Every structure is written in structure tokens, then in C-alpha cells.
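Here the structure is laid out as C-alpha cells; the discussion comes afterwards.
The values are calculated or read from the model by the stated rules, or taken from the named source; none is laboratory data. Predicted, not measured: the structure shown is a model, and the values here were computed from it. Backbone-built Cβ (ideal geometry, glycine too); neighbour counts: all protein chains shown. Ligands, DNA and RNA are stripped out before the accessible areas are found, and what is left, the full protein with its side chains, is counted by its heavy atoms. Shrake-Rupley method; radii C 1.70, N 1.55, O 1.52, S 1.80 Å.
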Amino acid sequence: MSIKVYNTINRKKEEFVPRDPGKVGMYICGPTVYNFIHVGNARTYLSFDIIYRYLRYRGYDVTYVRNLTDVDDKIINKANEEGASAEEVAERYIQAYWEDVKNMGLAEPTLQPKATEHIGEMIEIIERLIEKGLAYVVDGDVYFEIASFAGYGKLSHRSLDDMRAGERVEIDPRKRHPMDFALWKSAKPGEPAWESPWGKGRPGWHIECTAMSLKYLGADFDIHGGGRDLIFPHHENEIAQTEGYTGRRFARYWLHGGMVNIGEEKMAKSVGNIVLVRDLLKETNANVLRLLALGTHYRSPIDFSSEKLKEAEAAYERFLNVRRRIKDTLEAPTVTILPEKTGLTERLEKALAAAKEKFIESMDDDFNSAAAIAALFELVKEINTFIEEHDEMTMRAQELLERADMLLIELSGAVGLNLALPEAGELADRIPDDVYRLAAEVLEGPLDGKSKEELIDDILERRDEARKGKDWALADKIRNGLASMGIEIEDTPFGPRWKLRV
């Protein structure tokens with residue numbers, strides 16, 4: 001089956017046919033580095049990280065470019081507020097951005113170019129646009145004349161009259177049309193500036209992405225993406241200046257992600273309702289944030305709330321729980337050679353094949369991660385049923401569980417979801433010290449030298465003894481005491497198991 005993507009420019013799903021067979025060139029608009037990134041930004045980067053990973057899973061050699069806008073009005077304004085240079089502000093927030101995306105678990109792009117490292121390429125493109133009569137110079141500023149490009153509006157599906165009706169740009173009498181946009185801005189005191197044929201100045205925002213995408217991917221590359229808020233004017237302007245310069249199609253497929261809403265409003269710095277990624281990750285596992293993104297199609301909006309995070313946390317715990325159950329079952333001493341439960345083994349075998357088929361079918365359909373994750377949850381359900389129906393495991397059943405575990409890791413990894421179970425040392429760090437108090441209350445004998453995990457195992461043995469002796473008060477005290485620490489008990493055919501909530 002071939003991959004299909006929804007192409008914004010044509011407003012329909014299309015078969016994905018890369019420019020070069022087996023290879024994909026993808027350019028995603030990265031941050032303007034004047035502040036820390038928030039969850040709204042993160043959703044876009046997560047969406048395209050998922051797409052990037054899945055394309056590689058499907059065998060494509062992907063060149064992924066995600067730029068850094070390190071010269072812009074917003075950076076200059078921030079620098080003026082702080083009494084710092086624009087370069088200092090940009091570098092500080094670049095480092096913060098790299099730290100945040102690493103903590104989010106994003107795969108590193110092939111290239112992360114900075115706008116300020118490509119001024120020469122921008123000037124060359126602007127010169128050619130002027131030569132072709134598509135741009136004009138006014139007092140050291142250079143503007144792109146939108147009326148000179150016949151296809152202007154083809155991405156946003158707006159006419160010039162529509163744009164005029166909703167325009168919010170300040171009217172500049174020097175422009176030939178109010179919507180003409182800046183390719184080059186003449187220098188102002190205290191602002192970063194570079195030499196150019198039109199005097200000292202700096203590039204406009206839109207020309208930056210044109211220069212970087214053409215340099216690293218060439219014309220007619222495969223995927224250009226970003227949030228829906230970039231369709232107009234940023235991506236519209238990119239198309240005009242790039243196709244005006246090259247005379248060729250800019251990008252084959254335009255992909256745009258949905259926004260993150262809090263209540264009725266889009267999350268945005270301008271609105272003031274932002275949740276910073278670095279603040280969220282202090283209390284939330286990065287995989288929970290990824291699962292929140294995976295649970296909604298990338299083109300659809302996400303309603304962000306503490307309730308939604310809790311739902312994603314519970315969903316992530318379901319994945320970890322089934323991997324724990326598989327691990328515990330395979331390690332149980334009751335694994336023997338017994339007659340096969342043929343119906344159960346056939347059912348799980350079919351479930352494994354169906355889960356992979358449905359996962360790939362869903363992701364091939366415009367990266368429908370919500371349906372793909374649903375297929376994994378269906379597999380989780382089948383695995384749990386399989387374990388519950390086996391009082392003792394056959395060698396064939398053991399083999400099937402190993403295959404099921406490997407498939408969960410494979411498919412979740414294809415979209416960047418990490419289902420690794422915590423290592424012993426890492427787990428110990430997360431277990432509250434109150435375990436020592438509970439152990440002292442319910443266990444007999446010395447506790448010195450035992451790890452927290454060993455104490456919990458001993459506490460569970462004491463609970464088992466209490467239940468056999470019908471000491472329900474002690475059994476409940478142990479369960480409730482562990483629960484208050486975030487430790488849940490699961491009674492299985494192979495004995496009690498415990499888990500620490502995410």
C-alpha cells in the first residue's frame with residue numbers, strides 16, 4: 001500500500017510520490033528564538049517528528065530540515081526589553097530550545113540551519129527577484145510585489161480582495177500594494193545588520209525559509225510543513241518568492257498541523273495562555289505528551305487540559321502494564337511443556353498480524369496516528385486476555401508472548417513512543433521513602449541492607465500471608481499504604497505483581 005497525504009494546496013488526499021525514489025526531503029519551519037517553546041509549538045514539532053520517524057520506518061531515506069529563525073523583529077524587541085543584544089537573546093533561546101526538544105524525545109533532524117548563516121543566499125535570491133520584475137526597492141527596503149505573481153493565494157485559497165478585507169498590516173504608502181511583503185529591511189540603529197546591494201539591513205522572515213530549503217533540498221522537494229497558522233501569510237509568501245525565483249514548483253506536498261486549544265482559544269504567547277514545555281516536563285513524562293499528540297490526528301486541534309493529560313498518562317500506563325505482565329509471565333517459574341490451548345494461540349497469532357496491518361494501514365492514510373494507536377490498544381487487550389486464560393504457559397505460548405512484546409516495541413518505536421520499562425536503579429529513585437515506614441510497621445526482622453524493591457516484594461509476601469490467614473485488616477492496610485505511594489498491586493495467576501504509576 002502506498003502512503004497518502006492531505007495536501008493543503010489541493011485540499012485533498014494524494015498518493016505520496018517523492019521527487020527521488022526512496023528518498024524524502026522534508027522542511028519544517030522551526031522556532032523564532034525569542035522565548036521558551038510552549039505546548040502549542042511542541043505539538044507541531046511532535047507531529048512532524050512522528051511523520052519523520054514513520055517515513056524512516058517505511059524505508060525512506062529522509063533528509064529532515066528544521067530551521068532556526070535567529071534574526072527577527074520579535075528577537076529584537078526582546079533584546080530591547082532585556083537590554084541585551086539580539087545575538088545574545090537568540091543564542092540563549094536556541095540552547096533552551098535544543099534542551100527542550102531533547103527532553104521531549106524528538107529525533108534530531110538531519111539539518112538545523114540558522115537564518116543568520118545564510119544571508120548571502122538570501123541576497124542572491126532577492127537580487128534575482130528584482131531582475132525579474134517581481135520585487136522593487138524603496139529607500140533601502142525591498143518588497144515582493146504580489147500582483148506580479150499570478151499564483152498568489154493558491155495555498156490559502158484566498159483572493160487579493162479577501163486579503164484586503166481582512167488585512168491587519170499597517171498601510172505603507174511606499175508599497176505598490178498593501179499586502180506586498182518585505183524581502184529586505186533597511187538597517188535601524190541598534191539592530192543587527194548586514195551589507196547588501198541596497199545598503200545595510202536584514203532579511204525579512206519569509207525569505208529565510210526560501211533560502212534554507214532551496215540550499216539543502218532544492219526545488220520541488222517533497223514535504224513542506226508547519227502549523228496551520230503558517231499557511232498565511234508565511235507559507236503563501238514563501239511560495240510566491242520561491243517559485244518566482246526558480247520558475248519551478250516549490251514543494252510537492254504541503255502538510256499543516258492543527259492547533260492546541262485551551263478552552264475556546266488557541267494557545268499562543270500573544271493570548272497569554274501558554275504552558276511552557278520545560279515546566280510541563282517537570283511533572284509529566286515526555287512519552288505522555290507524545291501519546292497525547294498521537295491520540296489525535298495531526299491535522300485536528302487538540303484541547304489541552306489536566307484531564308487530557310491524565311487520560312494520556314493512563315493510556316501510557318496501559319502500555320507499560322502489558323509489557324510488565326509479559327515480562328512477569330515469561331519469568332514465572334511455572335513455564336512448562338503442556339498441551340496447547342490451540343484456540344487461544346491462534347487468536348493471538350491473528351491479533352499480531354491484524355495489529356501490524358491496521359497500524360501500517362492507518363499511518364499510510366495521512367499519518368492517522370489515532371487509528372494506529374487504537375490498533376495497538378486492541379493488541380494490548382488481546383495480550384491481556386491471552387495471559388489471563390493461561391494458568392500455566394506452554395513453550396508455544398511463551399514464544400507468542402515474546403513476539404507480541406517485540407511487535408509492541410517495533411510499532412510504538414515507529415512513531416517515537418518509548419515503552420522501555422524503568423531500570424532497577426531508576427525505579428528505586430522514584431519509589432517514595434515511605435516504603436521504609438510501611439515495611440517497619442508490617443514486617444518482622446531486620447530491614448537493613450534491603451533495597452526498596454526488595455522491601456515491596458517482602459511486603460507483598462506479608463500481604464499474601466495475611467490474606468491466607470483471613471487478616472483482612474492487615475491486607476487492606478498494606479494495599480492502601482502502597483496505593484498512597486503510587487504503588488498498585490495486581491493479583492495474577494502467577495502471584496501478586498506491583499507497579500509504580502507513571
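What is the dipole size for the chain, taken about its Cα centre, with +1 at each Lys and Arg Cβ and -1 at each Asp and Glu Cβ, in debye to the nearest 20?
Numbers: 69 positive and 88 negative charges, 255 e Å.
For the chain, the charge dipole is close to 1220 debye.
Going by a ≥ b ≥ c, the root eigenvalues of the Cα gyration tensor, does the range 15-160 fall in the rounded group (a/c under 1.5), the prolate group (a/b larger than b/c) or the oblate group?
On the way: a/c = 2.01, a/b = 1.11, b/c = 1.81.
Verdict is oblate for the range 15-160.
Enumerate by residue number the GluC sites (Glu not before Pro) in the range 118-208 meeting two conditions: DSSP loop (anything except H, G, I, E, B), and at most 16 other Cβ atoms within 10 Å of the site's Cβ. Display every interim value, and only then the final one.
Numbers: sites: Glu121, Glu124, Glu127, Glu131, Glu145, Glu167, Glu170, Glu195, Glu208; in loops: Glu145, Glu167, Glu170, Glu195.
Sites meeting the loop and neighbour criteria: Glu167, Glu170, Glu195.
Dipole of the range 12-113, Cα-centred, from +1 at each Lys and Arg C-beta and -1 at each Asp and Glu C-beta, to the nearest 20 debye?
Details: 13 positive and 16 negative charges, 144 e Å.
It comes to approximately 700 debye.
Could you state the angle between the C-alpha long axis of helix 369-388 and the longest principal axis of the C-alpha atoms of the chain, as a value from 0 to 90 degrees rounded to the nearest 10?
Here the helix axis deviates by roughly 10 degrees.
Per-residue HN-Hα couplings for the range 300-308, Karplus 6.51 cos²θ - 1.76 cosθ + 1.60 at θ = phi - 60°, whole Hz, x for Gly and Pro?
Calculated HN-Hα couplings, in order: 8, x, 10, 8, 8, 7, 5, 5, 5 Hz.
Under a crude label model (7 Å from the Cα following the beta-carbon direction), how far is Arg176 from Arg467 in nanometres?
8.1 nm
Asp141's amide H: which non-local residues (gap 5+, or another chain) put their own amide H closer than 5 Å, with H modeled 1.01 Å from N in plane and none for Pro or chain starts?
For Asp141, whose amide H was placed from the backbone, the distant partners under 5 Å are Ser186.
Given the Cα-Cα distance of Leu474 and Arg56 and 0.36 nm per residue of separation, how much length would full extension add, in nm?
Values: separation 418, 0.36 × 418 = 150.48 nm, distance 5.34 nm.
Gain on extension, Leu474 to Arg56, equals 145.1 nm.
Counting pairs of alpha carbon atoms under 8 Å apart in space and at least six apart in sequence, what relative contact order in percent does the chain give?
Working: 717 pairs, mean separation 77.6, N = 502.
With pairs under 8 Å counted, the relative contact order is 15 percent.
What number comes out for accessible area per residue over the range 169-307 if the probe is 1.4 Å? Units Å², please. Could you put the intermediate results ahead of the total?
On the way: 5630 Å² over 139 residues.
Normalised by residue count, the accessible surface of the range 169-307 is 40 Å².
Carbon-plus-sulfur fraction of the accessible area of the chain, 1.4 Å probe, in percent? Display every interim value, and only then the final one.
On the way: 10680 of 22780 Å².
C and S fraction of accessible area: 47 percent.
Placing +1 at every Lys and Arg Cβ and -1 at every Asp and Glu Cβ, with all other atoms neutral, what dipole size does the range 397-470 have around its Cα centre, in debye to the nearest 20?
Numbers: 10 positive and 19 negative charges, 77 e Å.
Using only the charged Cβ atoms, the result is roughly 380 debye.
For Asn273, what residues show an amide H to amide H distance below 5 Å, using hydrogens built from the backbone and excluding near sequence neighbours?
Ala268
On a 0 to 90° scale, report how tilted helix 86-103 is relative to the longest principal axis of the chain, with both axes built from alpha carbons and the result rounded to the nearest 10.
Between helix and principal axis, roughly 30 degrees.
Angle between the Cα long axis of helix 73-82 and the longest principal axis of the chain, 0 to 90 degrees, nearest 10?
Helix 73-82 sits roughly 70 degrees off the main axis of the chain.
State whether the range 125-165 is rounded, prolate or oblate according to the following rule on the C-alpha gyration tensor (a ≥ b ≥ c being the square roots of its eigenvalues): a/c under 1.5 gives rounded; otherwise a/b larger than b/c gives prolate, and the remaining case gives oblate.
Because a/c hits 1.5 or more and a/b exceeds b/c, the range 125-165 counts as prolate.
When ligands, DNA and RNA are left out and all protein chains stay put, how many square angstrom of accessible area per residue does the range 1-128 have with a 1.4 Å probe?
Working: 5330 Å² over 128 residues.
Accessible surface, normalised per residue, equals 42 Å².
Given a cut-off of 29 Å, name the pairs among Lys327/Lys452; Lys215/Lys266; Lys308/Lys499; Lys310/Lys358; Lys308/Lys356; Lys310/Lys450 whose C-alpha atoms lie farther apart than that in the structure shown. Show your work: numbers first, answer last.
Details: Lys327/Lys452 20 Å; Lys215/Lys266 33 Å; Lys308/Lys499 22 Å; Lys310/Lys358 26 Å; Lys308/Lys356 27 Å; Lys310/Lys450 33 Å.
Correct reply: Lys215/Lys266; Lys310/Lys450.
Give me the 1.4 Å probe accessible area per residue for the range 369-411, excluding ligands and nucleic acids, in Å². Before the final figure, lay out the partial values.
On the way: 1690 Å² over 43 residues.
Ligands and nucleic acids excluded, the result is 39 Å² per residue.
Using +1 at the C-beta of Lys and Arg and -1 at the C-beta of Asp and Glu, which of Gly295, Val275, Ile239 has the Cα lying farthest in the positive direction of the dipole of the range 207-313?
Of the listed residues, the answer is Ile239.
Amide H to amide H under 5 Å from Ala135: which residues, 5+ apart in sequence or cross-chain, H placed 1.01 Å off N in plane?
Close amide H contacts, sequence-distant or interchain: Ile130, Glu145.
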